[in-house]
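Take a look at the structure below.
No lab work stands behind these numbers, since they all come straight from the coordinates. Predicted model only: the values in this text are computed from it and were never measured. Cβ placement follows ideal geometry from the backbone for every residue including glycine, while neighbour counts extend to all protein chains displayed.
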Amino acid sequence: MSSQATVKTINIGIDEESRAKIAEGLSRVLADTYTLYLKTHNFHWNVTGPMFQTLHLMFETQYTELALAVDLIAERIRALGYPAPGTYSEYVKLSSIPETPGVPKAKEMISLLVEGQEAVVRTARSIFPVLEEVNDEPTADLLTQRMQVHEKTAWMLRSLLEGE
């Protein structure tokens, strides 16, 4: 037997072209999620003001959840047979979330994180037509769960801004 491993053809009931489209979409979700993770972690480190304790802890909870999410998304890309992007340069090209220069005030941080959470939802939602076309329930399940988390987090962050 050869010492070289041979890769078997992936036969999960989804054709290669569709798997490639799904992996591309998931790569954008991964880039958005990682970019949002980095932004949230940055804000955790740098938040100041009267809401410091609340925001510091809230941001920590959020970036921890995002750190776990990137692994799930990357693993789904791999299960579909494609490499997961993993560099800042790839994320900059793929992400719909812009970097935030400097250190904004706490309320601006909250607004920027709402925008980031909603951006991930939009990116995830954009993949559903191909998922439905090929009955990719595992990816749909993953993205449905991610969208629920991001929509809830956006609502909680927006609630901090109400009455302002």
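Here the ratio of the Cα radius of gyration of the chain to 2.2 N^0.38 Å is 1.17.
Between Leu68 and Asn11, residue separation times 0.36 nm minus the direct Cα-Cα distance comes to 17.7 nm.
Legend: calculated FRET efficiency, Phe128 to Leu161, from the Cβ-Cβ distance at R0 = 22 Å, rounded to 0.05, equals 0.15. For region 41-131, the equivalent ellipsoid built from the Cα gyration tensor has semi-axes of 28, 14, 13 Å, listed from largest to smallest.
Once the Cα atoms are used to define both axes, helix 137-161 deviates from the longest principal axis of the chain by about 10 degrees. Each part reduced to its alpha carbon centroid, region 89-164 and region 51-76 end up 12 Å apart. Pairs over the 28 Å Cα-Cα cut-off, from the set Lys8/Lys93; Lys21/Lys93; Lys105/Lys152: Lys8/Lys93.
Using only side-chain charges placed at the Cβ, +1 for Lys and Arg and -1 for Asp and Glu, the dipole size of region 16-161 relative to its Cα centre rounds to 480 debye.
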